[in-house]
Number of protein chains: 2
Amino acid sequence: MNLSRRNFIKTVSAVTAGTTILPNIAIASIMKPIKSKKLKLTFRTYELQLKHTFTVAEYSRDTTPVVLTELEYDGIIGYGEASMPPYLGESHKSVTSFLSKVNLSQFNDPFRIDDILTYVDSVDKKNRAAKASVDIALHDLIGKIVNQPLYKLWGLNPDKTPVTSFTIGIDKPDVVRTKTKEAKGFKVLKVKLGRGNDKEMINAVRDITNVPLYVDVNQGWKNKENALDMIHWLKEKGVIFIEQPLPKENIDDMAWLTQNSPLPTMADEAFQRLSDVAKFKGVYSGINIKLMKSTGLREAHKMITVAKALEMKVMMGCMTETSCAVSAAAQLSPLVDWADLDGNLLISNDVYEGVKVIDGKITLNNLPGIGIRKL
Amino acid sequence: MNLSRRNFIKTVSAVTAGTTILPNIAIASIMKPIKSKKLKLTFRTYELQLKHTFTVAEYSRDTTPVVLTELEYDGIIGYGEASMPPYLGESHKSVTSFLSKVNLSQFNDPFRIDDILTYVDSVDKKNRAAKASVDIALHDLIGKIVNQPLYKLWGLNPDKTPVTSFTIGIDKPDVVRTKTKEAKGFKVLKVKLGRGNDKEMINAVRDITNVPLYVDVNQGWKNKENALDMIHWLKEKGVIFIEQPLPKENIDDMAWLTQNSPLPTMADEAFQRLSDVAKFKGVYSGINIKLMKSTGLREAHKMITVAKALEMKVMMGCMTETSCAVSAAAQLSPLVDWADLDGNLLISNDVYEGVKVIDGKITLNNLPGIGIRKL
């Protein structure tokens with residue numbers, strides 16, 4: 001049990017309804033029923049420990065801060081999570097500050113998802129991970145109330161989940177070879193590139209395995225012609241797509257690269273929310289949706305619908321997260337082309353169990369809501 | 001009770017599982033459980049009687065053929081409907097022929113909505129109303145299984161339903177005045193134009209009421225400059241939008257008209273399914289979604305999401321239908337800008353009761369699924 005660290009718990013909306021003293025039963029019976037059921041949001045900070053130091057094009061780190069939420073209604077509890085890798089600008093402080101401003105006691109029906117999440121979105125700008133932590137908990141709660149997994153409520157076939165990639169960070173060839181050996185249960189690997197040792201990285205992986213590869217450059221390439229040359233080389237090495245090859249600001253270069261690339265290009269850092277989807281049609285081949293960018297499941301689901309209608313590819317990704325946020329994202333995964341939902345596998349102190357990776361494939365269970373249990 | 005006419009009932013998928021004779025209980029206990037729960041689709045033809053002869057730009061009629069479906073699973077029954085106004089090319093014969101080919105006995109989980117409706121869509125091309133009759137019944141069934149109205153499962157606030165327009169068909173001024181007087185409970189009227197007496201029609205309505213008007217031309221205008229002149233005149237008369245002003249083939253003229261029009265233009269006949277939405281961005285201001293065009297609720301819901309993401313207006317319309325299909329469409333109506341859901345009010349022999357129009361507003365109830373009861 002990893003919960004014995006010093007965390008603070010804060011109750012945002014107290015359950016204080018129902019204390020009116022009624023003069024007599026006759027009057028009570030003609031009054032409207034007193035709504036004693038309220039949504040009650042609590043949250044606490046937590047620090048995820050990474051199994052390996054995580055290195056991408058821009059930085060390295062050993063931990064990821066998260067905030068774990070619980071949303072209670074009528075004795076049923078939905079779980080949520082915000083994960084805050086530092087490059088996205090959120091933190092323990094910003095998330096707890098945001099959640100302290102969220103007053104859900106004004107809602108007495110958790111099924112008013114649109115109203116509740118529109119309100120949460122209006123509390124302050126940005127704070128996308130903080131907003132996701134409410135969205136996930138609310139969806140988990142709804143699923144538990146009707147006693148169905150979310151994938152069922154969305155009409156999806158759980159057998160249609162994709163395989164998930166496992167991420168290989170940037171490192172020296174011998175470390176990469178060791179990590180690749182450790183990942184032998186996965187049917188596809190995602191290799192981080194963009195720090196100048198791209199061919200060395202891919203060759204080290206290919207020393208060990210012939211599985212298909214996804215490549216994530218994290219904006220690390222600066223020149224479109226060099227990028228195109230590298231993509232041609234990567235295609236020969238069995239790479240399936242290239243994520244965020246150029247700096248997110250380089251829209252024109254990116255459109256040129258997508259038009260000329262022999263592999264699909266996927267937007268990640270360039271792209272956050274639903275309103276971004278249509279404007280990247282033609283700039284990237286597709287989008288990498290993450291709950292911590294999209295503000296949660298409600299908007300992620302809409303993004304999938306819109307991207308598919310625009311004939312764009314869809315990938316579902318994650319941050320380093322517990323099984324809470326990863327299992328939530330997995331509920332939507334039967335809809336996507338590719339998944340990179342390994343965030344919970346990268347940490348040593350998960351607090352939930354939920355979706356499993358079995359024979360490389362995301363495997364949903366029959367639990368209601370997002371499908372998790374506390375460890 | 002209007003069901004005493006001669007209708008045929010046909011069982012498409014017989015419930016015949018579970019007849020295996022097991023040698024003994026010990027073996028039975030190690031076998032997989034026998035799936036005795038199957039989806040069972042039945043249907044019958046019906047003829048809707050219109051209260052008034054219905055006249056639009058192209059034709060007149062007094063009846064509308066429909067097919068009423070029932071989808072049973074584990075003793076729970078979902079209701080559906082196909083409505084076939086003649087101009088859409090479906091009929092009693094085509095719908096019953098299509099439904100006879102639909103074999104749902106291959107599915108033993110009604111929550112596999114995506115798989116089931118993808119299969120139904122693949123049975124034959126077109127047949128959109130026939131497909132909707134399965135989609136609606138399946139959604140009603142799911143709602144009943146989890147005992148929630150669909151609007152709740154979709155997270156919508158039932159208080160956010162729009163007012164519905166009531167349709168005034170093309171006729172002589174005195175008849176139009178009489179019809180307009182009869183429609184005094186409605187907060188907005190939809191006036192059919194396009195047969196050369198447009199100003200006479202509007203003036204007759206304006207003799208009686210000052211409520212806002214929607215205008216539906218049903219492709220009746222042939223010249224874009226004349227159309228623009230008329231739209232300017234209609235704006236002065238309190239019209240909110242113009243539906244299908246030009247023939248559906250005139251894409252370039254329509255884009256010109258939309259660009260210059262002081263009122264939003266809405267696609268109806270030009271537009272059927274999800275794949276049509278994005279290509280009409282810039283050609284029309286928005287789309288009129290009808291379940292009988294979209295193949296049902298699943299695709300209609302996606303169309304709303306896509307249209308809104310593309311900043312297009314969304315209207316929910318209907319055919320002459322019973323309260324079954326109208327109540328189904330009403331479940332989505334909190335999401336739309338405008339609604340024209342009066343199809344059940346135009347007939348004298350409804351078979352269900354469901355959504356009500358109260359003080360002009362679409363009013364959802366708490367019944368599960370699409371929210372209807374058999375009369």
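The values are calculated or read from the model by the stated rules, or taken from the named source; none is laboratory data. Since the structure is predicted, the reported quantities are computational estimates derived from the model, not experimental observations. Cβ atoms come from the backbone with ideal geometry, glycine included; neighbour counts cover every protein chain shown.
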Checklist entry - Quick check: is even one residue across the range B:172-189 at positive phi and crowded, with 17+ Cβ neighbours inside 10 Å? => result no
Checklist outcome for this item: For the range B:115-157 the number of residues that are among the β-branched types (Val, Ile, Thr), without any contact (Cβ under 8 Å) to a residue 12 or more places away in the chain and touching a helix residue (DSSP H, G or I) at 6+ places or on another chain (Cβ under 9 Å) is 0
Checklist outcome for this item: The helices (runs of 4 or more DSSP H) lying entirely within the range B:251-364 that contain at least 3 residues which are more than 14 Å from chain A (Cβ to nearest Cβ), surrounded by 23 or more Cβ atoms within 10 Å (Cβ to Cβ) and out of contact with any Cys (no Cβ under 6 Å at 6 or more places or on another chain) are B:291-294, B:323-332
Checklist outcome for this item: Taking first residues from the range B:185-206 that are in contact (Cβ under 8 Å) with a residue 12 or more places away in the chain and in the same structural domain as B:Ile168 (by TED's automatic domain parsing) and second residues anywhere that are of a type in the set (Asp, Glu) and not in a helix (DSSP H, G or I), the pairs with Cβ under 6 Å that are 6 or more apart or on different chains are B:Lys190/B:Asp216; B:Lys190/B:Asp340; B:Lys192/B:Asp216
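Residues are listed down the side, and each one gets a yes or a no for (1) in contact with a Pro (Cβ under 9 Å, 6 or more places away or on another chain); (2) of a type in the set (Val, Ile, Thr); (3) closer than 30 Å to B:Leu150 by Cβ:
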site	(1), (2), (3)
A:Tyr87	no, no, no
A:Lys93	no, no, no
A:Phe98	no, no, no
A:Asn103	no, no, yes
A:Asn147	yes, no, yes
A:Pro158	yes, no, yes
A:Ile170	no, yes, no
A:Gly185	no, no, no
A:Gly194	yes, no, no
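Kindly indicate which of A:Val351, A:Val306 is within 25 Å of A:Ala183 (Cα to Cα) and either in contact with a Gly (Cβ under 8 Å, 6 or more places away or on another chain) or in contact (Cβ under 8 Å) with a residue 12 or more places away in the chain (or both).
On the way: A:Val306 fails: within 25 Å of A:Ala183 (Cα to Cα).
Answer to the check: A:Val351.
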Checklist entry - Among (1) closer than 26 Å to A:Asp135 by Cβ; (2) surrounded by fewer than 24 Cβ atoms within 10 Å (Cβ to Cβ), where does B:His139 come up short? => result (2)
Checklist outcome for this item: Note on the range B:76-89: residues at pLDDT 95 or above and surrounded by fewer than 23 Cβ atoms within 10 Å (Cβ to Cβ) are B:Ile76, B:Ile77
